[in-house]
Amino acid sequence: MTRRTTSRFVVAAAVVVALGGCGTPPNLDHQEQVAFARECTSLIERNLSDNTPPRAALLGGEDVNLDNPTVFYSILERLRGASTYDLHDPKRSTDTARQPLDDCSTKPRVLSSLFGSPGGTTTTTSTTTTTVPGS
(Lines give C-alpha, C1' and ligand atoms only; values in the text may rest on other atoms or scores of the structure.)
Protein backbone atom coordinates (compact mmCIF):
# COMPACT_ATOMS: atom_id res chain seq x y z
CA MET A 1 0.00 0.00 0.00
CA THR A 2 2.77 2.43 0.64
CA ARG A 3 4.03 2.07 -2.89
CA ARG A 4 0.58 2.91 -4.27
CA THR A 5 0.24 5.90 -1.90
CA THR A 6 3.68 7.18 -2.86
CA SER A 7 2.83 6.89 -6.56
CA ARG A 8 -0.38 8.86 -6.08
CA PHE A 9 1.45 11.51 -4.10
CA VAL A 10 4.09 11.88 -6.83
CA VAL A 11 1.40 12.15 -9.52
CA ALA A 12 -0.54 14.71 -7.47
CA ALA A 13 2.62 16.74 -6.88
CA ALA A 14 3.43 16.66 -10.62
CA VAL A 15 -0.07 17.91 -11.44
CA VAL A 16 0.24 20.78 -8.93
CA VAL A 17 3.64 21.78 -10.35
CA ALA A 18 2.33 21.59 -13.92
CA LEU A 19 -0.71 23.72 -13.12
CA GLY A 20 1.45 26.20 -11.26
CA GLY A 21 3.55 26.58 -14.39
CA CYS A 22 0.45 27.62 -16.34
CA GLY A 23 0.05 30.79 -14.28
CA THR A 24 0.72 34.32 -15.43
CA PRO A 25 4.35 34.94 -16.36
CA PRO A 26 5.90 37.21 -13.71
CA ASN A 27 6.66 40.14 -16.05
CA LEU A 28 3.50 40.04 -18.17
CA ASP A 29 2.07 43.30 -16.79
CA HIS A 30 5.32 45.15 -17.44
CA GLN A 31 5.62 43.65 -20.91
CA GLU A 32 2.06 44.78 -21.69
CA GLN A 33 2.85 48.27 -20.44
CA VAL A 34 5.94 48.41 -22.67
CA ALA A 35 3.87 47.15 -25.62
CA PHE A 36 1.27 49.90 -25.09
CA ALA A 37 4.04 52.53 -24.87
CA ARG A 38 5.65 51.28 -28.09
CA GLU A 39 2.33 51.23 -29.93
CA CYS A 40 1.58 54.75 -28.72
CA THR A 41 4.97 55.96 -29.96
CA SER A 42 4.34 54.27 -33.30
CA LEU A 43 0.92 55.93 -33.68
CA ILE A 44 2.35 59.37 -32.92
CA GLU A 45 5.32 58.86 -35.28
CA ARG A 46 3.03 57.77 -38.12
CA ASN A 47 0.70 60.70 -37.46
CA LEU A 48 3.55 63.21 -37.69
CA SER A 49 5.77 61.59 -40.33
CA ASP A 50 3.53 62.52 -43.26
CA ASN A 51 3.52 66.20 -42.31
CA THR A 52 5.85 68.69 -43.92
CA PRO A 53 8.41 70.19 -41.53
CA PRO A 54 8.02 71.28 -38.89
CA ARG A 55 6.50 67.92 -37.99
CA ALA A 56 5.17 69.05 -34.65
CA ALA A 57 1.98 68.75 -32.65
CA LEU A 58 0.63 68.94 -29.13
CA LEU A 59 0.50 65.86 -26.94
CA GLY A 60 -0.80 66.18 -23.42
CA GLY A 61 -0.48 69.97 -23.66
CA GLU A 62 3.21 69.80 -24.66
CA ASP A 63 4.89 70.37 -28.00
CA VAL A 64 6.39 67.31 -29.62
CA ASN A 65 8.53 67.73 -32.72
CA LEU A 66 9.63 64.73 -34.76
CA ASP A 67 12.32 66.89 -36.39
CA ASN A 68 14.22 66.87 -33.06
CA PRO A 69 14.27 63.12 -32.30
CA THR A 70 16.15 63.26 -28.99
CA VAL A 71 13.71 65.68 -27.42
CA PHE A 72 10.75 64.01 -29.16
CA TYR A 73 11.45 60.58 -27.65
CA SER A 74 12.33 62.07 -24.28
CA ILE A 75 8.96 63.83 -24.08
CA LEU A 76 7.15 60.69 -25.29
CA GLU A 77 8.86 58.60 -22.61
CA ARG A 78 7.74 61.04 -19.94
CA LEU A 79 4.18 61.51 -21.24
CA ARG A 80 3.39 58.04 -22.63
CA GLY A 81 6.10 55.74 -21.34
CA ALA A 82 5.43 52.26 -19.98
CA SER A 83 4.88 53.57 -16.45
CA THR A 84 1.84 55.58 -17.61
CA TYR A 85 -0.08 52.39 -18.44
CA ASP A 86 -1.25 51.16 -15.04
CA LEU A 87 -3.17 48.04 -15.97
CA HIS A 88 -4.65 47.79 -12.47
CA ASP A 89 -6.04 51.34 -12.34
CA PRO A 90 -9.72 51.07 -11.32
CA LYS A 91 -10.55 53.96 -13.68
CA ARG A 92 -9.54 51.73 -16.58
CA SER A 93 -11.49 48.65 -15.48
CA THR A 94 -14.10 49.11 -18.23
CA ASP A 95 -11.61 49.92 -21.01
CA THR A 96 -11.58 47.81 -24.12
CA ALA A 97 -8.28 46.45 -25.42
CA ARG A 98 -7.24 49.53 -27.41
CA GLN A 99 -8.72 52.29 -25.25
CA PRO A 100 -5.45 53.09 -23.46
CA LEU A 101 -4.15 54.14 -26.89
CA ASP A 102 -6.84 56.83 -27.20
CA ASP A 103 -4.41 59.15 -25.38
CA CYS A 104 -1.94 58.74 -28.26
CA SER A 105 -3.61 61.12 -30.67
CA THR A 106 -1.97 64.48 -31.16
CA LYS A 107 -3.56 67.86 -31.67
CA PRO A 108 -2.37 70.55 -34.07
CA ARG A 109 -0.07 73.14 -32.55
CA VAL A 110 -1.41 76.61 -31.98
CA LEU A 111 -1.04 78.60 -35.20
CA SER A 112 1.06 81.34 -33.57
CA SER A 113 3.68 78.81 -32.51
CA LEU A 114 4.18 77.79 -36.15
CA PHE A 115 5.48 81.25 -36.98
CA GLY A 116 8.02 81.20 -34.15
CA SER A 117 11.60 80.06 -34.30
CA PRO A 118 12.37 76.56 -35.60
CA GLY A 119 13.38 75.60 -32.06
CA GLY A 120 9.87 76.00 -30.77
CA THR A 121 8.70 78.90 -28.66
CA THR A 122 9.40 82.58 -28.88
CA THR A 123 8.59 85.28 -26.40
CA THR A 124 7.69 88.78 -27.53
CA THR A 125 7.68 91.69 -25.13
CA SER A 126 6.20 95.06 -25.97
CA THR A 127 5.94 98.27 -24.01
CA THR A 128 2.88 100.48 -24.13
CA THR A 129 2.97 104.07 -22.92
CA THR A 130 -0.22 105.87 -22.01
CA THR A 131 -0.32 109.64 -21.64
CA VAL A 132 -3.08 111.14 -19.58
CA PRO A 133 -4.19 114.52 -20.96
CA GLY A 134 -3.76 117.37 -18.47
CA SER A 135 -6.89 118.93 -16.97
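The values are calculated or read from the model by the stated rules, or taken from the named source; none is laboratory data. In this text, all values refer to a predicted model and were calculated from it rather than measured experimentally. All Cβ positions, glycine included, derive from the backbone under ideal geometry; neighbour counts span all protein chains shown.
Residues in region 65-82: is at least one hydrophobic (A, V, I, L, M, F, W, C), under 17 Å from Glu32 (Cα atoms) and loosely packed, with under 14 Cβ neighbours inside 10 Å? Scanning region 65-82, I find no residue that is hydrophobic (A, V, I, L, M, F, W, C), under 17 Å from Glu32 (Cα atoms) and loosely packed, with under 14 Cβ neighbours inside 10 Å, so the answer is no.
A count restricted to region 51-107 and to residues that are free of Cβ contacts under 8 Å to residues at least 60 places away in the same chain and part of a helix (DSSP H, G or I) stands at 20.
Report, by residue number, each residue of region 90-101 that is surrounded by 10 or more Cβ atoms within 10 Å (Cβ to Cβ) and charged (D, E, K, R). Spell out how you get there, then give the answer.
Start the filter on region 90-101 by keeping residues that are surrounded by 10 or more Cβ atoms within 10 Å (Cβ to Cβ), which leaves 92, 95, 98-101.
Result: Arg92, Asp95, Arg98.
Can you say whether Pro108 is modelled with pLDDT under 90 and either touching a helix residue (DSSP H, G or I) at 6+ places or on another chain (Cβ under 8 Å) or on the phi < 0 side of the Ramachandran plot (or both), as far as the supplied structure shows? Yes, satisfied.
Criterion first (closer than 21 Å to Glu39 by Cα, modelled with pLDDT under 90 and part of a loop (DSSP other than H, G, I, E, B)) does Thr123 satisfy it?
Numbers: closer than 21 Å to Glu39 by Cα: no; modelled with pLDDT under 90: yes; part of a loop (DSSP other than H, G, I, E, B): yes.
For Thr123, the condition - closer than 21 Å to Glu39 by Cα, modelled with pLDDT under 90 and part of a loop (DSSP other than H, G, I, E, B) - is not met.
Does Asp63 satisfy the criteria of being modelled with pLDDT of 85 or more, in contact with a Lys or Arg (Cβ under 6 Å, 6 or more places away or on another chain) and of a type in the set (D, E, K, R)?
So Asp63 does not fit the description; no.
Residues that are surrounded by 13 or more Cβ atoms within 10 Å (Cβ to Cβ), closer than 17 Å to Glu77 by Cβ and of a type outside the set (D, E, K, R) within region 32-56 comprise Gln33, Val34, Phe36, Ala37, Cys40, Thr41, Leu43, Ile44, Leu48, listed in sequence order. Does region 37-44 contain any residue that is assigned to a helix (DSSP H, G or I), within 16 Å of the chain's Cα centre (by Cα) and at pLDDT below 85? Checked region 37-44: no residue is assigned to a helix (DSSP H, G or I), within 16 Å of the chain's Cα centre (by Cα) and at pLDDT below 85.
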